[in-house]
1. Give the number of residues within the range B:81-97 that are part of a helix (DSSP H, G or I) and surrounded by fewer than 23 Cβ atoms within 10 Å (Cβ to Cβ).
2. Residue under question is residue A:130, and the condition is that it be within 8 Å of ligand 1 (Cβ to nearest atom) and more than 14 Å from chain B (Cβ to nearest Cβ); does it hold?
3. What are the residues in the range A:85-99 that are within 12 Å of chain B (Cβ to nearest Cβ) and either under 23 Å from residue A:13 (Cα atoms) or open to solvent by 80 Å² or more (accessible area, probe 1.4 Å) (or both), if any?
4. Can you tell me which residues in the range A:75-99 are more than 14 Å from ligand 2 (Cβ to nearest atom) and within 30 Å of residue B:77 (Cα to Cα)?
5. Pairs only if they're at least six apart or on different chains, beta carbon under 9 angstrom, first in the range B:22-43 and more than 14 Å from every other protein chain (Cβ to nearest Cβ) and over 13 Å from residue B:105 (Cβ atoms), second open to solvent by less than 50 Å² (accessible area, probe 1.4 Å) and in a helix (DSSP H, G or I); list them, first residue then second.
6. From the list A:72, A:115, A:102, A:126, which residue is away from ligand 2 (no atom under 16 Å from the Cβ) and open to solvent by 30 Å² or more (accessible area, probe 1.4 Å)?
7. Run residue A:43 past the list (1) more than 16 Å from ligand 2 (Cβ to nearest atom); (2) modelled with pLDDT of 95 or more and report the number of the one that doesn't hold.
8. Do any helices (runs of 4 or more DSSP H) lying entirely in the range A:20-118 carry at least 2 residues that are more than 12 Å from ligand 1 (Cβ to nearest atom), and which ones are they?
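The values are calculated or read from the model by the stated rules, or taken from the named source; none is laboratory data. Because the structure is predicted, anything quoted here is derived from the model rather than measured. Counting neighbours? That spans all protein chains shown, and the Cβs are built from the backbone with ideal geometry, glycine included. Heavy atoms of the whole protein, side chains included, go into the accessibility calculation; ligands, DNA and RNA do not. Shrake-Rupley method; radii C 1.70, N 1.55, O 1.52, S 1.80 Å.
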Amino acid sequence: MEKIHLHYEVDGDNFMAAGEASCDMKRVLKQLGFDSETIRRASICMYEGEINMVIHADGGTADVYVETSRIEIVLTDSGPGIEDVSQAMQRGFSTATQSIRELGFGAGMGLPNMEQYSDWMDVSSEVGVGTTVTVRIALGETA
Amino acid sequence: MTVKEFATTLGLKNWTPDLDLDVPITGGYAGDMLSWVMGKAVAGSAWMTIMSNQNVVAVALMTDVACVVLTEGVEPDAALVTQANGRGVPLFTSDLSTYELSAWLGTALAAQ
Ligand SMILES: Nc1ncnc2c1ncn2[C@@H]1O[C@H](COP(=O)(O)OP(=O)(O)OP(=O)(O)O)[C@@H](O)[C@H]1O
Ligand SMILES: [Mg+2]
């Protein structure tokens, strides 16, 4: 299979309309004919990463690399960074404000979901510089 | 059971009348925190929630749920209705409680 690269600019100013990049990636993965569970796992990771950039980092970029053996999603922002990554990875940890919680976010489950639904995950972050979250989903013989 | 049968039997109000509702429902999920739904809702579920903003559509799409039901008499935001129609997510409302809808669905699915 040919390598495919999708690139998205994720806006930081409108979290009401967030999810555009994830919806588009899902459409493309469907067109490529992946099985629905693979698409579902990639979509969940992408959405959680996208929404985190919108809510916590004022936007960023998302790059999706589809290769023979895996789908890799790289989410990069120049937001405030994460002080303690292992704390942020814990279920239930969130710094979301009250107004964001009222929209249904802020359960502290986004990063744990990404870990659960990916086969490999890396979070590298520097306070005041930004955050890069990378997840990989392995592809079986079906792809 | 299909989305259409579920909606008709319980008298749910349909906000996406142009969508195909002959889609099977194979499970259910009740919850409002979006990342919990994201992590736990199983594909093919009917999702019962009181969340009424447009982010509900993206979560429903990503998780492959069969339909969304806003419970307890909650009204959808206008943007949610637009998004649901535009992205093809069947959206309903009901005055029944989340518990009543979930209990009915659970019984109906078990009897199949
Ligand atoms: N891109 C990011 N930039 C800065 N901080 C982040 C970023 N992503 C996550 N965080 C920090 O990590 C915490 C945990 O993230 P996680 O996605 O698990 O939960 P949440 O976004 O707070 O809530 P939920 O995802 O359940 O709606 C966030 O509250 C935030 O403090
Ligand atoms: Mg999050």
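1. Kept after step one, since they are part of a helix (DSSP H, G or I), are these residues of the range B:81-97: B:81-87.
Applying the additional criterion that residues be surrounded by fewer than 23 Cβ atoms within 10 Å (Cβ to Cβ) yields B:81-82, B:85-87.
Residues in the range B:81-97 being part of a helix (DSSP H, G or I) and surrounded by fewer than 23 Cβ atoms within 10 Å (Cβ to Cβ): 5 in total.
2. Details: within 8 Å of ligand 1 (Cβ to nearest atom): yes; more than 14 Å from chain B (Cβ to nearest Cβ): yes.
Judged against the criteria, residue A:130 is a match.
3. Hits for the range A:85-99 are A:91, A:94, A:96, A:99.
4. A:98, A:99 - these are the residues of the range A:75-99 that are more than 14 Å from ligand 2 (Cβ to nearest atom) and within 30 Å of residue B:77 (Cα to Cα).
5. The qualifying pairs are B:22/B:3.
6. On the way: A:72 fails: open to solvent by 30 Å² or more (accessible area, probe 1.4 Å); A:115 fails: away from ligand 2 (no atom under 16 Å from the Cβ); A:102 fails: away from ligand 2 (no atom under 16 Å from the Cβ).
Sole residue among the options that is away from ligand 2 (no atom under 16 Å from the Cβ) and open to solvent by 30 Å² or more (accessible area, probe 1.4 Å): A:126.
7. Single failed check for residue A:43: (1).
8. Numbers: elements: A:20-31, A:36-57, A:85-88, A:98-101, A:110-117.
Correct list: A:20-31, A:36-57, A:98-101.
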